[in-house]
Amino acid sequence: MRIHTYEKLWLVASMVLIVGFIATVTYGSVGLGITMIGDDESTIAPDDIGDDDQFGEPRVEQVGEDEYEAYVIAQTWTFQPDPIEVPAGSKVTFYVTSPDVVHGFAVPGTNINAMVIPGETAQLSVEFDEPGEYGIICNEYCGAGHHDMEGELIVQPEDEFDLTELTVEALESVEPGADVELTVTIENGELDPLETTVDTEISNETIQQDITVEGDSTENISITIDSEDLGEGDHDWTVSVDGYEETGTVTVEPPGTDGNETDADGDGDDSADTKTNETTGGGGT
Amino acid sequence: MTALFVDEYPAQARLVRAAFLTAFTAFGVGALFGLIQALHRTDVFRFLESETYYTVLTGHGVFLVITFAIFFLVGLYQWAVTVSLERGPVDMRISWTWYGLMSIGTLLVAISILAGFLDDPPTVLGSELSADVLFTFYAPLQAHPLFYAGLATFFIGIWLAGADWFRTWWVWKGNHPDERIPLPTFMVLMTMIMWYVGSIGVVVAIVVFLLPWSLEIIESVNPLLTRTLFWYFGHMVVYFWVLPAYLLWYNVLPKVSGGRLFSDPLARVVFILFVLLSTPVGIHHQYLDPGIAEGFKFIAMTNTMFLLLPSLLTAFTVVASMEHGARQLGGKGTFGWLRALPWRNPAFTGMALAGAVFAFGGFTGIVNAGMNINYLVHNSLWVSGHIHTQVGTASALTFMAGTYWLIPQLTGNQLISRRLGLIQVVLWFIGIVFMTNSMYRAGLFGVPRRTAEPQYGFEYDVGVGSMAELDAQIALGGTLLFISAMLFLGLLLLTVFNTDSEPIVDGSIPPALSGPEDSPRVLDNLRLWTAIALVLVALAYTLPLAAIVSRGGLLGPDVNPFPVVIDGLKILQYVLPSIEVVPI
Ligand code: HEM
Ligand SMILES: [Cu+2]
Ligand SMILES: [Cu+2]
């Protein structure tokens, strides 16, 4: 075949260029460690996501020192959890799946970008050096409300971040003479033990109690106050731990009221007059 | 000067005209939809609900890259086969059959898409008519069965068209046993081999999975499988859009530049490379998909980079042919010859500008192909920028420029105004520069594609310039493009009715400087190239497909259909149960 000299030169230059591009991309993968989303995660039936160990409760979890995992559900037309909060100076691995259609999981201004395909879980690891706030958007068309699908990613300063969860359970009313009992549950999602103080205020009384919650576990304490000390009427209470705060009101019934409503129900279901308060996340400052 | 095509082959000219008419009708509607999108996204002018945006966007994608590009292709290829073999098809009834199948398919698809504009779409075959699934129709988004049936009919029509050209060539070969395949026909046949190899994927996705699923014959599909089958076809199809432009650049552009093609053998090599490489790269559209191993993505990446070769070779041959032409016209100097080119001829200028835009867009394509850089641009407006420099200009502008050259030969009428034609192609160029440079830049800042309202609760971190400036450029560029498109259609219409005129176009194509006799005969061995192409496809796709099926099953892990009807109640039905499952 007759090929012009210039043409031959061009051909050689083209091949050099092509090999150069392949080398550059390979260097990106091998040298810089930019890995591609792969097939490490097993498939998951979209209908079973609710019962799944990991996606049943979309959340951020600590798995090592400065290492976190975020289980995220993208579905028409929200992301859960929202916001996603992680500490600066950490490596976060996102696991994202969808119970319905194909979505995207992208954070503009970063190279976080993945397709979310029902049945599959996208896994990608990201290092966050600096605190900051980002938007999360769905960048694959997913139906009529696609443009409304948006979430938030908050990278908190390391010392402000925690995975503490405070829940307080209390009756809304008690008989005169009975005890007012606040059940305080503290969940520590981090791996290090959490040493802290539970501050309870009710009427003018203040109760302080030290508590240690081991890493990745939950502790309960009960705070009991004699209703005689409080007297008849409504009493506001506040429980605070590490900047998280729960409040509520308990009513001490006037004498002669016939017992508490829980017993009156007779079915042991005291949901009608028990109140559960809960706060989570890193808002504790 | 040879006889006019319309005089020599009146029956074929009628078919080509019919194909062009369908193509340009779709082009007009698609351009209008493009304008609506450009104004809506940027919030310059919104008159539709944002939900309806996706009906518009589905129409824009389908009407332009399926209807317009492919109807133009079949028209052009019918012309190319006829002139280069100097004969018509064996049986024109077969030819009209494929045209008919393609048209019926298009009609079904168009009806199902356009029903999305109705407040209360009619119920057909037991389900509401709608197809807001965009031109990629990723399951579990579900369109009406008519949409899938229409697409399947359309694809069968294209298969038949290819068979028709092969048959014409086969008969010609019987009469010319020792001759090389004329270059235009060689290009047509190679394009169609590429199409047969690459369209299997999408046809299987539609006929085996999506159509039965939309008819409730099967309950679910594996979204990753149908998606992968789509992209098995999805990169090949971009070459299906571009190769008709290549055919014009290799055959018509040298001629309108005043010269001859530089090298016929290299042109053949280029088309062979496309047959071999355009399908086993499709996974590069799935770099960010879960469920596909990194290794397969790497293979797709290397194949993609080698696919640069035919385009780089084309750049050389086309520029060399233009230089040759310019020197024939008296051009001198290292770059001075550029001035001697026939810049006043819209056919030339349109193709030359299209080629320049294509070269630029090609480099942006390398960014897309660079696996790890893809994180930055995937599904961002950068991709829309890329689409419009490539198929939206390299192909579309070349088709328009080529039409200026072809239309007198197809109608026997003189082009109504060369000057307006020149203004039209330059206007398109200016419009595309405004629209795509801003799309590329916005994409780099993370602005997504395919969305009615890319304005969110956060601010994009725009480096140089501002969002408002980028939006203004997109809106302005889109408007110029729309005006240019309408000008083109107007010129075409007037030319068709310009019956009392003498066309002044010489339709003959001069032989190449280095002809087919300079190349080995093996280049024309179609069986060999088909076989190698199939082997490469098998190597690239057997394992990924097997892995996907063994992971998720043929019908997927219980994925529910999600019909895209814009109906609040229906949507709630899907949202509510999931809220129960996942307490917030
Ligand atoms: C009047 C000229 C045109 C204008 C104003 C225009 C405008 C647009 C805009 C703004 C988008 C982005 C929509 C979004 O992602 O939200 C878009 C997408 C697109 N355009 Fe155009 N366009 C024009 C012509 C063309 C032509 C000639 C072609 C191809 C032949 C084309 C093919 C496409 C494709 C394939 C998409 C992507 C559709 C999708 O994401 O599903 N456009 N166009
Ligand atoms: Cu979406
Ligand atoms: Cu591609």
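Out of (1) in a helix (DSSP H, G or I); (2) among the aliphatic types (A, V, I, L, M); (3) more than 21 Å from B:Lys255 (Cβ to Cβ), the odd one out for B:Leu406 is which?
Of the numbered conditions (1) in a helix (DSSP H, G or I); (2) among the aliphatic types (A, V, I, L, M); (3) more than 21 Å from B:Lys255 (Cβ to Cβ), the odd one out for B:Leu406 is (3).
Among the candidates B:Leu73, B:Leu57, single out the residue that is closer than 17 Å to B:Thr191 by Cα, in contact with a helix residue (DSSP H, G or I) (Cβ under 7 Å, 6 or more places away or on another chain) and crowded, with 24+ Cβ neighbours inside 10 Å. Please lay out each step first, then the result.
Numbers: B:Leu57 fails: closer than 17 Å to B:Thr191 by Cα.
Criteria check complete, one pass: B:Leu73.
Would you confirm whether any residue within the range B:383-395 is within 14 Å of ligand 3 (Cβ to nearest atom), within 14 Å of another protein chain (Cβ to nearest Cβ) and more than 18 Å from B:Ile430 (Cβ to Cβ)?
The answer is yes, given that some residue of the range B:383-395 is within 14 Å of ligand 3 (Cβ to nearest atom), within 14 Å of another protein chain (Cβ to nearest Cβ) and more than 18 Å from B:Ile430 (Cβ to Cβ).
Identify the single condition in (1) more than 11 Å from ligand 1 (Cβ to nearest atom); (2) touching a residue at least 24 places away in the same chain (Cβ under 8 Å) that B:Ser466 does not satisfy, given that it satisfies every other one.
Here B:Ser466 meets the rest and fails (2).
Within the range B:44-66, identify whether any single residue is at pLDDT below 95 and small (Gly, Ala, Ser), and answer yes or no.
yes
Does any residue of the range A:74-88 turn out to be within 8 Å of chain B (Cβ to nearest Cβ) and at positive phi?
no
Given the residues A:Gly215, A:Gly135, A:Gly189, which is the only one that is of a type outside the set (Asp, Glu), within 14 Å of chain B (Cβ to nearest Cβ) and either touching a residue at least 12 places away in the same chain (Cβ under 8 Å) or at positive phi (or both)? Break it down stepwise before answering.
Numbers: A:Gly215 fails: within 14 Å of chain B (Cβ to nearest Cβ); A:Gly189 fails: within 14 Å of chain B (Cβ to nearest Cβ).
Going through A:Gly215, A:Gly135, A:Gly189 in turn, the sole match is A:Gly135.
Tell me yes or no: at least one residue of the range B:38-51 is within 16 Å of ligand 2 (Cβ to nearest atom) and buried (at least 24 other Cβ atoms within 10 Å of the Cβ).
So in the range B:38-51, the residues within 16 Å of ligand 2 (Cβ to nearest atom) come out as B:41, B:50-51.
With the extra rule that they be buried (at least 24 other Cβ atoms within 10 Å of the Cβ), the set shrinks to B:41.
Yes, there is a match, as at least one residue in the range B:38-51 is within 16 Å of ligand 2 (Cβ to nearest atom) and buried (at least 24 other Cβ atoms within 10 Å of the Cβ).
Given the conditions (1) surrounded by fewer than 22 Cβ atoms within 10 Å (Cβ to Cβ); (2) touching a residue at least 40 places away in the same chain (Cβ under 8 Å); (3) not in a loop (DSSP other than H, G, I, E, B), which single one is not true for B:Met439?
Single failed check for B:Met439: (1).
Please give the number of the condition B:Ile432 fails out of (1) away from ligand 1 (no atom under 14 Å from the Cβ); (2) assigned to a helix (DSSP H, G or I); (3) among the β-branched types (Val, Ile, Thr).
Failed condition: (1).
Suppose we filter the range A:21-54 for residues that are at positive phi and of a type in the set (A, V, I, L, M); how many remain?
Of the residues in that region, 0 qualify.
Read through the list (1) of a type in the set (A, V, I, L, M, F, W, C); (2) within 21 Å of A:Glu158 (Cα to Cα); (3) facing another protein chain (nearest Cβ under 7 Å), then give the number of the only condition that A:Met115 fails.
(2)
Which of the residues belonging to the range B:253-280 are crowded, with 24+ Cβ neighbours inside 10 Å and closer than 21 Å to B:Ile407 by Cβ?
Result: B:Leu253, B:Pro254, B:Val256, B:Ser257.
Quickly run through the range A:168-188 and pick out the residues that are assigned to a strand (DSSP E or B) and among the charged types (D, E, K, R). Give the steps one after another, and end with the answer.
Filtering the range A:168-188 down to residues assigned to a strand (DSSP E or B) leaves A:168-171, A:173-174, A:179-188.
Residues satisfying the conditions are A:Glu169, A:Asp179, A:Glu181, A:Glu187.
Look through the range B:506-523, keep the residues that are among the hydrophobic types (A, V, I, L, M, F, W, C) and over 29 Å from the mean Cα position of the chain (by Cα), and return whichever of them is farthest from B:Lys255 (Cα to Cα).
B:Val522
What tally of residues in the range A:206-228 results from selecting those that are over 12 Å from A:Leu182 (Cβ atoms) and surrounded by 14 or more Cβ atoms within 10 Å (Cβ to Cβ)?
5
Hey, among B:Ile366, B:Ile416, B:Ile423, B:Ile407, which residue is within 15 Å of ligand 3 (Cβ to nearest atom) and of a type in the set (A, V, I, L, M, F, W, C)?
Details: B:Ile416 fails: within 15 Å of ligand 3 (Cβ to nearest atom); B:Ile423 fails: within 15 Å of ligand 3 (Cβ to nearest atom); B:Ile407 fails: within 15 Å of ligand 3 (Cβ to nearest atom).
Selected residue: B:Ile366, the only one of B:Ile366, B:Ile416, B:Ile423, B:Ile407 that is within 15 Å of ligand 3 (Cβ to nearest atom) and of a type in the set (A, V, I, L, M, F, W, C).
Please specify each residue of the range A:225-237 satisfying the condition of being closer than 11 Å to A:Val174 by Cβ and of a type outside the set (D, E, K, R).
Listed by number, the residues that qualify are A:Ile225, A:Ser227, A:Leu230, A:His235.
Please determine, by comparing only the residues of the range A:62-79 that are of a type in the set (Asp, Glu) and out of contact with any Phe, Trp or Tyr (no Cβ under 7 Å at 6 or more places or on another chain), which one is nearest to ligand 2 (Cβ to nearest atom). Spell out the reasoning first.
Just the residues of the range A:62-79 that are of a type in the set (Asp, Glu), to begin with: A:65-67, A:69.
Filter again for out of contact with any Phe, Trp or Tyr (no Cβ under 7 Å at 6 or more places or on another chain), leaving A:65-67.
On the way: A:Glu65: 35, A:Asp66: 32, A:Glu67: 29 Å.
Looking at the filtered set, the residue picked out is A:Glu67.
Going through A:Asp47, A:Asp82 one at a time, which residue ends up being more than 16 Å from ligand 2 (Cβ to nearest atom) and either surrounded by fewer than 24 Cβ atoms within 10 Å (Cβ to Cβ) or not in a strand (DSSP E or B) (or both)?
Step by step, each of A:Asp47, A:Asp82 is checked, and only A:Asp47 is more than 16 Å from ligand 2 (Cβ to nearest atom) and either surrounded by fewer than 24 Cβ atoms within 10 Å (Cβ to Cβ) or not in a strand (DSSP E or B) (or both).
Would you point out which residue out of B:Gly198, B:Gly291, B:Gly295, B:Gly282 is under 26 Å from A:Thr97 (Cβ atoms) and within 21 Å of the chain's Cα centre (by Cα)?
Exactly one of B:Gly198, B:Gly291, B:Gly295, B:Gly282 is under 26 Å from A:Thr97 (Cβ atoms) and within 21 Å of the chain's Cα centre (by Cα), namely B:Gly282.
Which pairs turn up if I take residues in the range B:383-409 that are closer than 25 Å to B:Thr499 by Cα and look for partners that are within 10 Å of ligand 1 (Cβ to nearest atom) and in a helix (DSSP H, G or I) with beta carbon separation below 6 Å, at least 6 apart in sequence or on another chain?
So the pair list comes out as B:Phe399/B:Phe72.
Would a scan of the range B:354-374 turn up a residue that is away from chain A (no Cβ under 14 Å), on the phi < 0 side of the Ramachandran plot, in contact (Cβ under 8 Å) with a residue 60 or more places away in the chain and over 17 Å from the mean Cα position of the chain (by Cα)?
no
Residue by residue, here is whether (1) of a type in the set (A, V, I, L, M); (2) touching a Phe, Trp or Tyr at 6+ places or on another chain (Cβ under 8 Å); (3) within 10 Å of ligand 1 (Cβ to nearest atom); (4) not in a helix (DSSP H, G or I) holds:
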| site | (1), (2), (3), (4) |
| --- | --- |
| B:Thr25 | no, no, no, no |
| B:Val29 | yes, yes, no, no |
| B:Asp43 | no, no, no, yes |
| B:Phe47 | no, no, no, yes |
| B:Glu51 | no, no, no, no |
| B:Leu57 | yes, yes, yes, no |
| B:Phe63 | no, yes, yes, no |
| B:Phe68 | no, yes, yes, no |
| B:Phe71 | no, yes, no, no |
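Could you tell me whether the range B:307-316 includes any residue that is β-branched (Val, Ile, Thr), out of contact with any helix residue (DSSP H, G or I) (no Cβ under 6 Å at 6 or more places or on another chain) and within 12 Å of chain A (Cβ to nearest Cβ)?
No, the range B:307-316 has no match at all.
The values are calculated or read from the model by the stated rules, or taken from the named source; none is laboratory data. Quick caveat, the model's predicted, so the values are computed rather than measured. Positions of Cβ are backbone-derived with ideal geometry, glycine not excepted, and every protein chain shown enters the neighbour counts.
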